[in-house]
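Scroll down for the structure; my scribbles are underneath it.
The numbers here are math on the coordinates, done by the rules we state, and not lab data. Predicted model, so just to flag it, every value in this text is computed and none were measured. When we count neighbours, we look across all protein chains shown, and the Cβ atoms used for this are built from the backbone with ideal geometry, even at glycine.
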Amino acid sequence: MLNIAGIAASAGVAIAKAFKLEHPDYTVTRREAADPAAELARLDDALAKSQQELEAIKERTLQELGEKKAEIFESHLLILNDPELLTPVRDKIQSAKASAEFALDETASEFITMFENMKSAYLKERAADMRDVTKRVLTHLLGLTYVNPADISEEVIVIAEDLTPSDTAQLNRNYVKGFTTNIGGRTSHSAIMARSLEIPAVVGTKDVLEQVNSGDLVIVDGLDGHVIVNPSEDVIREYTDKRDNHLRQIEEWKKLRGVKTESKDGVHVELAANIGTPNDVTGVLENGGEGVGLYRTEFLYMGRTELPSEDIQFNAYKTVLEKMEGKPVVVRTLDIGGDKELPYLNLPKEMNPFLGFRAIRLCLEQKDIFRTQLRALLRASVYGPLRIMFPMIATLDEFRAAKALLLEEKDKLKAEGIQVSDEIQLGIMVEIPSTAVLADQFAKEVDFFSIGTNDLIQYTMAADRMNERVSYLYQPYNPAILRLVSMVIEAAHKEGKWAGMCGEMAGDATAIPLLLGLGLDEFSMSATSILPARSQISRLSRAEMKELAAKALQMQTAEQVVELVRSIEE
Ligand code: PEP
Ligand code: MG
């Protein structure tokens with residue numbers, strides 16, 4: 001039995017067999033093959049195995065997800081048998097004595113580059129398909145293990161170095177009972193996705209992938225941040241109880257679903273949810289969310305091969321507004337960059353992507369992308385109380401430029417006779433220290449602030465939120481962070497505006513008393529944190545928390561602040 005400590009990223013306990021999800025290294029180096037006939041035979045063997053796999057996946061997809069989704073694998077099968085691809089590959093093997101993998105990799109890369117440079121969306125999509133098929137065949141030629149998270153079809157715990165947001169989006173929650181990764185922190189996007197999928201997760205374990213074999217029995221304790229490998233009978237029993245207690249506690253919290261969030265002394269605050277897709281709204285309502293405080297629209301742009309059209313976006317925004325039945329919805333405009341990549345934009349790799357060409361910076365330069373999103377949002381605004389916010393605002397000029405584009409699109413739509421609401425609130429995320437410091441000036445021009453502590457902490461402390469080696473610096477309770485938060489809230493209130501928080505700190509049980517005391521108006525968090533937060537706030541007095549927060553602002557270290565908060569619990 002092995003007990004590995006990590007960061008509790010998504011609450012709950014899961015017990016199942018390990019499934020290692022590894023992205024193999026597909027690098028192919030040129031190698032001269034002495035025997036072309038043997039290489040051709042290796043190629044045919046790899047093609048045949050790939051064919052069998054694809055037929056099986058196609059059949060399963062057809063059964064489980066329907067004809068439309070199965071078409072993807074039909075087109076993969078066509079590529080696999082396409083003479084336009086295979087003839088040059090065979091030629092290279094025979095005439096240039098190339099190894100099968102080199103011949104395939106080189107030929108496919110030529111096609112992929114060609115397709116990627118075409119204007120037609122259909123051909124661009126073929127580039128992605130060709131890449132997938134090539135990887136599948138290379139897997140056999142190089143003797144690698146190919147795993148696609150969407151292929152998992154038994155109850156497992158996924159173990160990985162890291163999970164990209166699109167890996168996480170593909171996990172089927174019916175089968176994936178939990179996951180654990182070597183890297184990442186509470187605010188890495190895989191952790192955030194795990195919470196919205198309600199899958200228990202532990203991240204930042206440093207070496208869980210090396211310590212576990214596929215098939216080992218694993219317990220993921222997403223409540224306390226432990227991964228236990230091959231537990232004894234007693235330990236299995238202990239964790240089964242822990243899992244059941246947690247599930248019972250969730251049932252208790254559910255009683256607070258329709259109740260208004262109020263402190264002990266009668267102060268109302270709004271508890272909203274962070275979502276990534278329209279499907280997440282179901283979880284928001286089930287957990288008694290009073291609104292959506294952050295709709296991360298990036299996921300609409302990911303997992304596809306080209307930008308989503310205005311209509312695709314309009315439908316997504318409209319669906320969220322309609323499903324929320326009159327409750328407010330804050331939609332954040334595209335925040336791509338950092339750990340959220342869009343391969344089809346072909347952006348150059350950067351040394352410091354978190355400090356680079358991302359979010360509003362990209363939108364203000366690639367204006368067509370931004371205008372399309374703004375139009376979709378404006379059109380959707382008549383379906384419910386829409387609030388729009390811009391991410392990663394560092395200067396007033398950026399806010400003004402983004403607002404000007406929004407107003408331009410609004411005028412155009414109106415001129416086209418399309419209805420747009422005049423009640424849309426326009427706000428910004430405060431996640432860059434310059435904006436927090438200058439909040440008094442911003443407050444004169446925005447309708448609201450939403451404090452993005454996930455980034456605000458990493459930029460203030462200069463500690464990468466993805467890097468567990470500097471996670472000790474990731475300190476939400478550091479008085480420096482609390483002072484920035486306090487400045488932002490005060491600046492908003494002075495101008496009669498509201499201040500919310502949509503970073504993970506808003507749902508953190510240790511932070512909640514402080515944030516209530518600092519006067520935060522809206523707390524936006526993972527849907528599953530809403531009911532525990534409502535229960536906690538009902539036991540706190542805002543007046544007392546105001547005193548607590550004032551003391552915290554004068555402390556020296558994060559540890560002292562944590563001690564202070566603990567003292568009220570005793
Ligand atoms: C934040 O930075 O706090 C935030 C909510 O945005 P994201 O986590 O998507 O960067
Ligand atoms: Mg952010």
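Taking a sphere under 12 Å around the Cβ of Asn352 and counting the other residues whose Cβ falls inside, with K and R at +1 and D and E at -1, yields a net charge of 0. What the Cβ-Cβ distance of Thr557 and Glu161 gives, at R0 = 35 Å and to the nearest 0.05, is a FRET efficiency of 0.60.
Counting only lysines at least 8 places from Lys177 when in the same chain, those with an alpha carbon closer than 29 Å to its own are Lys17, Lys20, Lys58, Lys68, Lys69, Lys135, Lys206, Lys242, Lys254, Lys255, Lys323, Lys340. So how tilted is helix 233-253 from the main axis of the chain? Cα-based, degrees 0 to 90, rounded to 10. Helix 233-253 and the main axis of the chain meet at about 50 degrees.
Semi-axes of the equivalent ellipsoid for the chain, please: Cα gyration tensor eigenvalues, times 5, square-rooted, ordered largest first, whole Å.
Values: eigenvalues 378, 183, 90 Å².
Square roots of five times the eigenvalues give 43, 30, 21 Å.
Think of each Lys and Arg Cβ as +1 and each Asp and Glu Cβ as -1; about the Cα centre, that makes the dipole of segment 476-553 roughly 140 debye.
Across segment 181-198, coupling constants 3J(HN,Hα) worked out from phi with the 6.51/-1.76/1.60 Karplus curve, θ = phi - 60°, read 10, 5, 10, x, x, 4, 9, 6, 5, 5, 5, 5, 5, 4, 5, 6, 7, 6 Hz, and Gly and Pro carry x.
For segment 1-86, the list of trypsin sites (Lys or Arg not before Pro) that fall in a loop by DSSP and count at most 14 other C-beta atoms within 10 angstrom reads Arg30, Arg31.
The GluC sites (Glu not before Pro) of segment 331-431 that DSSP puts in a loop, and whose beta carbon has at most 10 other beta carbons within 10 Å, are Glu416, Glu423. Axis angle, to the nearest 10 degrees, between helix 100-116 and the longest C-alpha principal axis of the chain: 50 degrees. Relative to the dominant Cα principal axis of the chain, helix 558-569 is inclined by about 60°. Computed from backbone phi with θ = phi - 60° and the Karplus coefficients 6.51, -1.76 and 1.60, the 3J(HN,Hα) list for segment 270-286 is 9, 9, 10, 10, 9, 10, x, 9, x, 4, 5, 4, 3, x, 5, 5, 4 Hz; x is used for glycine and proline.
In segment 464-540, how does Rg compare with the Kirkwood Rh, expressed as the Rg/Rh ratio over alpha carbon atoms? On the Cα set of segment 464-540, Rg over Rh gives 0.99. Remark: the chain carries a charge dipole of roughly 1180 debye about the Cα centre, counting +1 on each Lys and Arg Cβ and -1 on each Asp and Glu Cβ.
In terms of other Cβ atoms within 10 Å, Cys363, Cys502 run from fewest to most in the order Cys363, Cys502. Looking at the P(r) of segment 159-264, how many percent of alpha-carbon pairs lie beyond 18 Å? The answer is 55 percent, as a whole percent.
Taking only alpha carbon atoms, segment 1-121 gives an Rg to Rh ratio of 1.11, where Rh is the Kirkwood radius. Residues in segment 541-553 carry Karplus couplings, in order, of 9, 4, 4, 5, 5, 4, 5, 4, 5, 4, 5, 4, 4 Hz; the curve used is 6.51 cos²θ - 1.76 cosθ + 1.60 with θ = phi - 60°, and Gly or Pro positions show x.
So, by mean Cβ neighbours within 10 angstrom, what's the order for 511-517, 139-145 with the highest one leading? Walk me through the numbers before you get to the answer.
Numbers: 511-517: 25.1, 139-145: 15.9.
Ranked by mean Cβ neighbours within 10 Å, highest first: 511-517, 139-145.
Of the trypsin sites (Lys or Arg not before Pro) found in segment 300-365, those that fall in a DSSP loop while having at most 11 other beta-carbon atoms within 10 Å are Lys349. Look at the dipole of the chain built from charges on Cβ: of Ile157, Leu473, Ile4, the Cα furthest out on the positive end belongs to Leu473.
With only the Cα atoms considered, segment 381-525 has a convex hull volume of 115 Å³ per residue. Ranked by the mean number of other Cβ atoms within 10 Å of their residues, highest first, the peptides 279-289, 83-93 come out as 279-289, 83-93.
The calculated P(r) of segment 398-470, using every Cα pair and 10 Å bins from 0, goes 17, 36, 25, 16, 5, 0 in percent. The fewest-to-most ranking of Asp455, Asp224 by surrounding Cβ atoms within 10 Å reads Asp224, Asp455.
The residue among Pro24, Val176, Thr319 whose Cα reaches farthest toward the positive pole of the charge dipole of the chain, with charges on the beta-carbon of Lys, Arg, Asp and Glu, is Thr319.
Could you tally the net charge around Gln211, taking each other residue with its Cβ under 13 Å from the Cβ of Gln211, Lys/Arg +1 and Asp/Glu -1?
My count for the surroundings of Gln211 gives -2.
One decimal place: the segment His268-Glu490 gains 78.2 nm when fully extended, by the rule 0.36 nm per residue minus the C-alpha distance. A full extension of the chain between Thr305 and Asp339 corresponds to an added length of 10.5 nm, given 0.36 nm per residue minus the alpha carbon distance. Over the chain, dividing the summed -39,500 (n - 2.57) contributions of all DSSP H runs of at least 4 residues by the number of residues returns a 222 nm mean residue ellipticity of -15000 deg cm²/dmol.
Divide the volume of the convex hull around the Cα atoms of segment 78-229 by the residue count and you get 148 Å³ per residue. Could you tally the net charge around Pro278, taking each other residue with its Cβ under 13 Å from the Cβ of Pro278, Lys/Arg +1 and Asp/Glu -1? Surrounding charge for Pro278 is +1.
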